[in-house]
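**Q** Below are the structure tokens for one structure; questions will follow.
The values are calculated or read from the model by the stated rules, or taken from the named source; none is laboratory data. What you are looking at is a predicted structure, and each value in this text was computed from that prediction instead of being measured. Neighbour counts are summed over all protein chains in view; Cβ atoms, including those assigned to glycine, are modelled from backbone coordinates with ideal geometry. In case anyone asks, the SASA skips ligands and DNA or RNA and just uses the protein heavy atoms, side chains included. Shrake-Rupley method; radii C 1.70, N 1.55, O 1.52, S 1.80 Å.
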Amino acid sequence: MNKEEMDCQVQSGSTFTKGLVIGALLGAAAALLYAPKPGRELRSDLTEKLSAATDKSKEVAAVVGEKATDLAKNVTEKTTDLAKTVSESAGTIFNSAKEASADVAEDVKRASDDVMNEAKQS
């Protein structure tokens, strides 16, 4: 490899793909414009192709909209379920902590009573 080849960055596959698509579109447009058809027939063909592309776009948009709605419903359901679970768990943890603190308070009271009794007896 020479120095020029090493200095030149290699283009990624996505850049090549973009160029290929743009080239194909330009080639198709040129073929339509230079085709030996009368203007009226060419306009008719272009109108049909545009109509077909528009219909297909509407179909795709409808499908994407339905899938997005379904996904939003699923996310909402899962989020609601998760919130309920977290809420229930938090309640359980709070109750456990409350019971544990009551037990500790009771143990401390007994211990202090024992210490007071021993102090009185001494």
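**Q** On the basis of being closer than 30 Å to ALA29 by Cα, among the polar types (S, T, N, Q) and assigned to a helix (DSSP H, G or I), does THR54 make the cut?
**A** For THR54, the condition - closer than 30 Å to ALA29 by Cα, among the polar types (S, T, N, Q) and assigned to a helix (DSSP H, G or I) - is met.
**Q** Which ones in region 108-122 are open to solvent by less than 100 Å² (accessible area, probe 1.4 Å) and of a type outside the set (Ser, Thr, Tyr)?
**A** VAL108, ALA111, ASP113, ASP114, VAL115, ASN117, ALA119
**Q** Can I ask one more? In this structure, does ASP70 turn out to be among the acidic types (Asp, Glu), assigned to a helix (DSSP H, G or I) and more than 29 Å from ALA28 (Cβ to Cβ)?
**A** yes
**Q** Filtering region 80-107 down to residues that are open to solvent by less than 80 Å² (accessible area, probe 1.4 Å) and under 23 Å from the mean Cα position of the chain (by Cα), which residue is farthest from LEU25 (Cα to Cα)?
**A** By that ranking, first place goes to THR85.
**Q** Kindly list, by first and then second residue, each pair from a residue in region 36-50 that is hydrophobic (A, V, I, L, M, F, W, C) to a residue that is part of a loop (DSSP other than H, G, I, E, B), limited to pairs with Cβ atoms under 9 Å and residues at least 6 apart or on different chains.
**A** Taking only residues 6 or more apart or on different chains, the pairs are LEU42/ALA35.
**Q** Hey, another quick one. Among the residues of region 31-42, what is the count of those that are surrounded by 10 or more Cβ atoms within 10 Å (Cβ to Cβ) and either modelled with pLDDT of 80 or more or outside any helix (DSSP H, G or I) (or both)?
**A** 3
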